[in-house]
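Worksheet: one structure, shown below.
The values are calculated or read from the model by the stated rules, or taken from the named source; none is laboratory data. Everything numeric in this text was worked out from a predicted model, so none of it was measured. Neighbour counts run over all protein chains shown; Cβ positions are idealised from the backbone, glycine included.
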């Protein structure tokens, strides 16, 4: 993978995605009066980071002129992370303000974008390790 900054942003994106996944599926044991505040903060902050890191990964991939399959996987990772946050926001906006339940944005946020992120992430890691220069053995 070209550039340490690109690799760092990718790894940060994976870490924030895992953190968000944990916050969504692991129950919290906090007092009831703090539960809403903790839930909101533990969801909004990782979502904002996921969106920013996804956009940064897309911009750096295009700017550094990464080519071939690593470019496809990096763009897929960044776009799916950003699209997941946008889908979550759109689903909540449409449900709360417009009064319409939109199943497409829900399916995008819960199924399509995480699977696309997983494919892009695994592909990026595999190609990142594959393209790394071989180590010399000591004799």
With the condition kept exactly as written, say whether any residue in region 40-48 is outside any helix (DSSP H, G or I), more than 14 Å from residue 11 (Cα to Cα) and touching a residue at least 24 places away in the same chain (Cβ under 8 Å).
no
Within region 52-70, is there a residue that is at pLDDT 90 or above, touching a helix residue (DSSP H, G or I) at 6+ places or on another chain (Cβ under 7 Å) and more than 23 Å from residue 6 (Cβ to Cβ)?
no
Picking from 78, 3, which residue would you name as being touching a helix residue (DSSP H, G or I) at 6+ places or on another chain (Cβ under 9 Å), in contact (Cβ under 8 Å) with a residue 40 or more places away in the chain, closer than 24 Å to residue 126 by Cα and crowded, with 17+ Cβ neighbours inside 10 Å?
78
Here is a check on your reading of the model: is residue 94 farther than 29 Å from residue 124 by Cβ and in contact with a helix residue (DSSP H, G or I) (Cβ under 9 Å, 6 or more places away or on another chain)?
yes
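Within region 87-95, does at least one residue satisfy the condition of being in a helix (DSSP H, G or I), at pLDDT below 95 and loosely packed, with under 10 Cβ neighbours inside 10 Å?
no
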